[in-house]
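Okay, so here's the structure we're looking at.
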Amino acid sequence: MLLLAAAFIVAIVLLLYMVSPLISPKPLKLPGAHVVVTGGSSGIGKCIAIECYKQGAFITLIARDENKLLQTKKEIEKYSVNDKQVVLCISVDVSKDYEQVENVLKQAQEKLGPVDLLVNCAGTSVTGKFEDIEVNSFERLMAVNYLGSVYPSRAVISTMKERRMGRIVFVSSQAGQLGLFGYTAYSPTKFALRGLAEALQMEVKPYNIYVTVAYPPDTDTPGFAEESKTKPLETKLISETSSVCQAEQVARVIVKDAIQGNFNSSVGSDGYMLSILTSGMSPVTSITEGLQQVVCMGIFRIVGLFYLGSFDSIVRRCMMQREKSENTDKTE
Ligand SMILES: NC(=O)c1ccc[n+]([C@@H]2O[C@H](COP(=O)([O-])OP(=O)(O)OC[C@H]3O[C@@H](n4cnc5c(N)ncnc54)[C@H](OP(=O)(O)O)[C@@H]3O)[C@@H](O)[C@H]2O)c1
Ligand SMILES: *[C@@H]1O[C@H](CO)[C@@H](O)[C@H](O)[C@H]1NC(C)=O
């Protein structure tokens, strides 16, 4: 009896501990807000820009290719909901020079006001076997995918803290939740964003700034089509175990989660399972989210082990087939 009472009290205390940081943020109001999207001229970034524009936001698009930017600007403007809305284009490499990134963001803020939502979506990928990937690709991917998200965020954070409001989204990837064959150069850059996001969120939460990490699955975009051209067979076969998403759908989920200030943003049932499995010590934004993680984690680990087993067997089969064909080549 005494033990039961003690357990009950411990449970209540734990619950209170859990609940105390769980005050959900106030949703961001998109009408009239200034949204900056890096990588906004293509794929997921473009769809995020369109989604925000449709909800009345002012948009700054950042990417390198000016023609692509102007074309995208025209495309986005078709969705205007009032005649005050503006789409600003900035051509800059987000990964090269911090000062330059800071300067262009200053200019954008002079024109459209302080940034309410920054979406770090500029990114690129290279797949291949570890030994086949050029050494400088490791550096380039880290620069674009990781530093290319650090620089714009670093450039807007002080103003956000002064205003005690703001949202920052990092577009990671499911490859930022688990390492898969062929992604030795790409995965680490997307894992890095998660570490950045967790640490930054703890710093800025008292300033009413909320960070979101998005983990999109394979998504039909120009970037994805380009990557698919050089994917190893193993990577292709593993990818085919789940379906390809539409960029519009992925963008809708990311914008919704950014507005609500959710730390995690994922799409689909695989995405849901991965977000639970990898929740680790990441911040929670609601009680239900925390409870789902506590209840489902063990079960999902079992499901995950089956997935891992099937991936391993794909890799082994490919290796054996390759060796067999090499041997027959030799005997001929
Ligand atoms: N598609 C997928 O399956 C998938 C899955 C998971 C995660 N993601 C991530 O989602 C993001 C968007 O992917 P996506 O498939 O939509 O890509 P995408 O179609 O290739 O578009 C990439 C965008 O980033 C810009 N960009 C690239 N390097 C840049 C740089 N150094 N500085 C400034 N802008 C740069 C590109 O414009 P410029 O080339 O003109 O600069 C373009 O606007 C990436 O971070 C990607 O890793 C994609
Ligand atoms: C992660 O975000 C998605 C929505 O983007 C949500 O459906 C899911 O429940 C979240 N996962 C966890 C573990 O909270």
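Neighbour counts of other Cβ atoms within 10 Å put GLU51, GLU139, GLU198 in the fewest-to-most order GLU139, GLU198, GLU51.
Counting other Cβ atoms within 10 Å as a rough exposure proxy, the listed residues ARG154, ARG167 run ARG154, ARG167 from fewest neighbours to most. Within the shell of other residues whose beta carbon sits under 14 angstrom from the beta carbon of GLU203, the net charge comes to +3, with Lys and Arg scored +1 and Asp and Glu -1. Structure shown: which of LYS96/LYS256; LYS78/LYS236; LYS73/LYS236; LYS74/LYS256 lie over 28 Å apart, alpha-carbon to alpha-carbon? Too far apart for the 28 Å limit: LYS96/LYS256; LYS78/LYS236; LYS73/LYS236. Only alpha carbons enter this Debye calculation for the chain, each as an equal point scatterer, and the log10 of I(q)/I(0) it gives at q = 0.09, 0.14 Å⁻¹ is -0.52, -1.11. The mean sequence distance of close C-alpha pairs (under 8 Å, at least 6 residues apart), as a share of the length of the chain, puts its relative contact order at 17 percent.
Full extension of the chain between GLU110 and SER137 yields a length gain of 6.1 nm, computed as 0.36 nm times the residue separation minus the alpha carbon distance. For the listed peptides 300-310, 32-42, 221-231, a ranking on the average number of other beta carbons within 10 Å per residue, highest first, reads 32-42, 221-231, 300-310. Of all DSSP-defined beta bridges confined to the chain, some 0% are antiparallel rather than parallel.
Take every Cα pair under 8 Å whose residues are at least 6 apart in sequence, average their separation, divide by the length of the stretch 138-217, and the relative contact order is 41 percent.
Taking the stretch 116-159 and a reference point 7 angstrom along Cα→Cβ of GLN71, no backbone N atom is nearer than 13 Å.
Summing charges over neighbours of GLU139, with a neighbour being any other residue whose Cβ is under 15 Å away from its Cβ, gives 0 when K and R count +1 and D and E count -1.
Divide the volume of the convex hull around the Cα atoms of the stretch 1-153 by the residue count and you get 190 Å³ per residue.
Under the classification rounded if a/c is under 1.5, otherwise prolate if a/b is larger than b/c and oblate if not, where does the stretch 237-287 fall, given a ≥ b ≥ c as square roots of the Cα gyration tensor eigenvalues? Here the stretch 237-287 falls in the oblate category. Each part gets one Cα centre, and for the stretch 289-332 versus the stretch 188-234 those centres are 23 Å apart.
For the peptides 259-268, 211-220, the ranking by mean Cβ contacts within 10 Å, running from highest to lowest, is 211-220, 259-268. The residues packed around ILE276, meaning those with a beta-carbon under 14 Å from its beta-carbon, carry a net charge of -1 if Lys and Arg are +1 and Asp and Glu are -1. Computed per residue of the chain from DSSP H runs no shorter than four, each worth -39500 (n - 2.57), the mean residue ellipticity at 222 nm is -18000 deg cm²/dmol. The slack in the chain from GLN321 to SER158, taken as 0.36 nm per residue of separation less the alpha-carbon distance, amounts to 53.1 nm.
Read-outs: derived from the displayed coordinates by stated rules, not from any lab. Just so it is clear, the model here is predicted, and its values are computed rather than measured. Glycine also receives a Cβ, built like all others from the backbone with ideal geometry; neighbour counts cover every protein chain displayed.
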